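Okay, so here's the structure we're looking at.
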């Protein structure tokens with residue numbers, strides 16, 4: 001592929017890259033976060049426990065994020081297209097293969113590894129290129145890109161619930177697998193490597209980044225906060241069904257989280273005029289922790305809707321800010337590898353959060369202990385990140401954009 005000129009930064013070509021990244025985020029996170037809708041049907045069909053069935057999600061999440069450093073570095077070095085094609089094939093094939101599973105252990109390979117590998121190959125490299133394709137509009141572009149994940153959460157879970165009700169969970173998996181392959185394949189044919197990054201400190205190598213106190217602080221806080229987040233993302237629909245809510249209505253709770261998160265993601269540009277991105281990030285972490293108290297203290301479907309909206313707003317703001325915060329501290333050099341290394345924190349949280357919550361529910365027969373787990377880990381997440389100071393002014397993405405305006 002021929003080199004891309006520096007004049008392409010913030011150009012129409014850059015916005016096409018953003019559109020492709022939006023589609024990839026929509027598909028990957030729409031599929032990943034629709035697993036909660038499949039949980040009860042798979043449990044009943046395979047005769048498995050909640051903890052065993054939730055391990056599908058745990059393994060796929062672990063593979064998704066733990067492979068991020070590999071796929072992110074490969075995308076930095078070889079470009080995103082080959083990785084995105086591989087991701088389309090793996091994710092689509094994993095979903096279709098899961099439709100034919102009769103043993104929960106086989107599903108750990110088809111869904112766990114297939115979907116996890118596909119997500120890692122498709123998402124990290126296509127999202128990371130945006131840091132190099134945009135300069136003046138970088139924070140806004142990253143916010144729009146991650147809004148794709150919220151749109152996926154809004155659309156795919158209720159669609160999956162309708163498909164499950166109409167044709168069963170197995171055929172629903174096949175339909176989602178084929179549609180995912182088409183959309184991811186189209187995005188893969190669009191993406192291209194960004195222009196060479198400029199304005200990045202020479203010291204901001206991957207090894208110096210991951211050894212820094214700032215990176216470690218953000219990393220530990222992200223593990224704890226995302227452990228808490230995975231409790232409602234995996235179990236909220238099943239909890240609502242146990243309270244007498246019909247499955248389709250219960251599935252909409254995840255969509256409320258996704259829809260509210262879109263507002264949070266797209267609101268970054270406006271909120272930046274009131275506070276720095278680091279201050280906003282810490283506020284989002286605190287709001288997520290506080291929302292779980294609402295979930296425990298205010299039972300019932302409509303209070304669950306309120307909880308899902310508050311959680312979604314805070315979650316959307318946090319996920320939209322993480323890449324700008326990392327860029328503000330460390331620049332855009334090797335951003336795919338940096339993001340891949342950072343998001344291994346989500347893999348750890350995806351393994352531990354649903355597993356511990358599932359064990360708590362199986363042991364107690366209720367949701368109270370699982371929600372207490374979310375409250376505790378969410379609070380710890382804020383306490384860890386609270387002392388974090390802002391980045392040096394020369395690296396501040398917010399300052400760069402304000403100067404451009």
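Remarks
A quick yes/no check of all residues on (1) surrounded by fewer than 17 Cβ atoms within 10 Å (Cβ to Cβ); (2) touching a helix residue (DSSP H, G or I) at 6+ places or on another chain (Cβ under 9 Å); (3) at pLDDT below 90:
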| residue | (1), (2), (3) |
| --- | --- |
| 168 | yes, yes, no |
| 178 | yes, yes, no |
| 195 | no, yes, yes |
| 199 | yes, yes, yes |
| 213 | yes, no, no |
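- Those helices (runs of 4 or more DSSP H) of region 32-131 in which at least 2 residues are over 17 Å from the mean Cα position of the chain (by Cα), considering only elements entirely within it, cover 35-46, 50-66, 68-78, 80-98, 104-107.
- From the list 382, 342, the lone residue that is touching a residue at least 24 places away in the same chain (Cβ under 8 Å), under 29 Å from residue 276 (Cβ atoms), touching a helix residue (DSSP H, G or I) at 6+ places or on another chain (Cβ under 6 Å) and surrounded by 20 or more Cβ atoms within 10 Å (Cβ to Cβ) is 382.
- Test set (1) part of a helix (DSSP H, G or I); (2) crowded, with 19+ Cβ neighbours inside 10 Å; (3) at pLDDT below 85 - residue 208 fails condition number: (2)
- Of everything in region 348-360 that is modelled with pLDDT under 80 and surrounded by fewer than 24 Cβ atoms within 10 Å (Cβ to Cβ), the residue that is farthest from residue 216 (Cα to Cα) is 360.
- Answer residue from region 239-276, given it is more than 14 Å from residue 154 (Cα to Cα), surrounded by fewer than 23 Cβ atoms within 10 Å (Cβ to Cβ) and under 19 Å from the mean Cα position of the chain (by Cα) and is modelled with the highest pLDDT among those: 266
- Residue 130 vs. criteria modelled with pLDDT of 90 or more, in contact with a helix residue (DSSP H, G or I) (Cβ under 7 Å, 6 or more places away or on another chain) and either under 25 Å from residue 251 (Cα atoms) or crowded, with 20+ Cβ neighbours inside 10 Å (or both): no
- Flag for residue 312 being crowded, with 24+ Cβ neighbours inside 10 Å and modelled with pLDDT under 85: no
- Scanning region 221-238 turns up no residue that is at pLDDT 75 or above and farther than 20 Å from residue 374 by Cα.
- Criterion (in contact (Cβ under 8 Å) with a residue 60 or more places away in the chain and either out of contact with any strand residue (DSSP E or B) (no Cβ under 6 Å at 6 or more places or on another chain) or surrounded by 19 or more Cβ atoms within 10 Å (Cβ to Cβ) (or both)) met by exactly one of 88, 48: 88
- Considering (1) surrounded by fewer than 19 Cβ atoms within 10 Å (Cβ to Cβ); (2) modelled with pLDDT under 90; (3) out of contact with any helix residue (DSSP H, G or I) (no Cβ under 6 Å at 6 or more places or on another chain); (4) more than 25 Å from residue 147 (Cβ to Cβ), the lone condition that residue 79 does not fulfil carries the number (4).
The values are calculated or read from the model by the stated rules, or taken from the named source; none is laboratory data. Fair warning: this is a prediction, and the values are worked out from it, not measured in the lab. Backbone-built Cβ (ideal geometry, glycine too); neighbour counts: all protein chains shown.
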